[in-house]
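Here the structure comes first, spelled out in structure tokens, and everything after it is commentary.
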Amino acid sequence: MILVKRAGDLQKEIAKQKQQGNRIGFVPTMGALHEGHISLIAQSRKESGFTACSIFINPTQFNDPEDFEKYPVTIEKDTYALERSGCDLLFLPSVNEIYPGGLSTDKTYDLGYLETILEGKYRPGHFQGVCRVVDRLLQICQPHHLYIGQKDYQQCKVIEKLVTLLHLDLSVRICPTLREKDGLAMSSRNMRLGKEERQKAVTIFKTLNYVKEMLPKNDLQEIMNKAGNMLEKEGFRVDYVAIADATTLIPADHWDKKQKLVVLIAAFLGEVRLIDNMPLN
Ligand code: AMP
């Protein structure tokens, strides 16, 4: 695996690979890699002749400074896992390499209502930061395929919107959520859970399943209330339990039995904020 720290070096390597006729698959991450990340690498390897992964903990997408400071860093382990996965290149840039003009900017991305609902509402500025880093990484890497996880459902919608806004010639490949044996969605933040919290964390998955089961039987508001109560009873501090249109993410208040829906949850267990989702039908 090639290790690259400079944007210019990445550009050179990608140009060389393209000249050799390789399609480029790109997997952006913030590190602390788990099997969910590795599944994106595996998908890219199936569809692309050359797979590049980036590890960059993007300061501009953290609205909570403590969350940024406590974000796990396991670079050595990550490098080893990527080597084993068959990833071709690891891009490990510094903050200066990604933001040569500094962290503050006047530029904004017009994400419309996506920025004010769900994660957008609870993490102001988060998606602008995501767009900044993805825009910059895509400019440098210029891949044919971009691999992202459905675990971050709203982020997938934001990135699709970004690709449209920037008129990029790129296919966005959304990959399924990998889960632990008990159903907890794999996440770098799971490492921060204490033993007891880790056991309770599975309640999110149970709640998603409960919502799915109840969908044909109850009205949406009642289901969401009961789901919120299930989480609170286990000690979660709930930001939202929301049922929304699976394509637009606009909140749904009733169901005509045809509309495709998704349930999304964000909740704190102690200091750790977890998110998860499940398509309902
Ligand atoms: P992160 O390092 O958390 O920014 O995630 C990097 C990429 O991996 C994003 O596209 C995530 O959606 C994706 N990802 C995170 N967790 C999972 C998971 N459990 N299964 C599949 N993909 C995931």
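The values are calculated or read from the model by the stated rules, or taken from the named source; none is laboratory data. These numbers were taken from a predicted model, which means no experiment stands behind them. Here the Cβ is made from the backbone with ideal geometry for all residues, glycine too, and neighbour counts use every protein chain on show. Heads up: the accessible areas ignore ligands, DNA and RNA and are worked out on the full protein's heavy atoms, side chains in. Shrake-Rupley method; radii C 1.70, N 1.55, O 1.52, S 1.80 Å.
I'd like the full set of residues that are in a loop (DSSP other than H, G, I, E, B), within 13 Å of the ligand (Cβ to nearest atom) and either among the polar types (S, T, N, Q) or surrounded by fewer than 18 Cβ atoms within 10 Å (Cβ to Cβ) (or both), limited to the range 184-213. Working first, answer last.
Here is the first cut: in the range 184-213, the ones in a loop (DSSP other than H, G, I, E, B) are 184, 186-187, 193-194, 202.
Retained after the next criterion (residues that are within 13 Å of the ligand (Cβ to nearest atom)): 184, 186-187.
Scanning the range 184-213 gives a single hit, Ser187.
Among the residues making up the range 250-268, those that are in contact with a strand residue (DSSP E or B) (Cβ under 8 Å, 6 or more places away or on another chain) and farther than 17 Å from Arg179 by Cα are Ile250, Pro251, Ala252, Trp255, Gln259, Lys260, Leu261, Val262, Ala267, Phe268. For beta carbons closer than 6 Å, sequence separation of 6+ or different chains, a first residue in the range 34-53 that is under 11 Å from Cys175 (Cβ atoms) and a second that is in a loop (DSSP other than H, G, I, E, B) and more than 10 Å from the ligand (Cβ to nearest atom), the qualifying pairs are Ile41/Cys87. If you go through the range 99-122 and keep only what is more than 16 Å from Tyr153 (Cβ to Cβ) and either buried (at least 18 other Cβ atoms within 10 Å of the Cβ) or aromatic (Phe, Trp, Tyr) (or both), you end up with Tyr99, Tyr109.
Residues in the range 14-54 that are β-branched (Val, Ile, Thr) and more than 8 Å from the ligand (Cβ to nearest atom) were compared, and the one that is most open to solvent (accessible area, probe 1.4 Å) is Ile38. Residues in the range 140-183 that are open to solvent by less than 20 Å² (accessible area, probe 1.4 Å), assigned to a loop (DSSP other than H, G, I, E, B) and without any contact (Cβ under 8 Å) to a residue 60 or more places away in the chain: Gly183 only.
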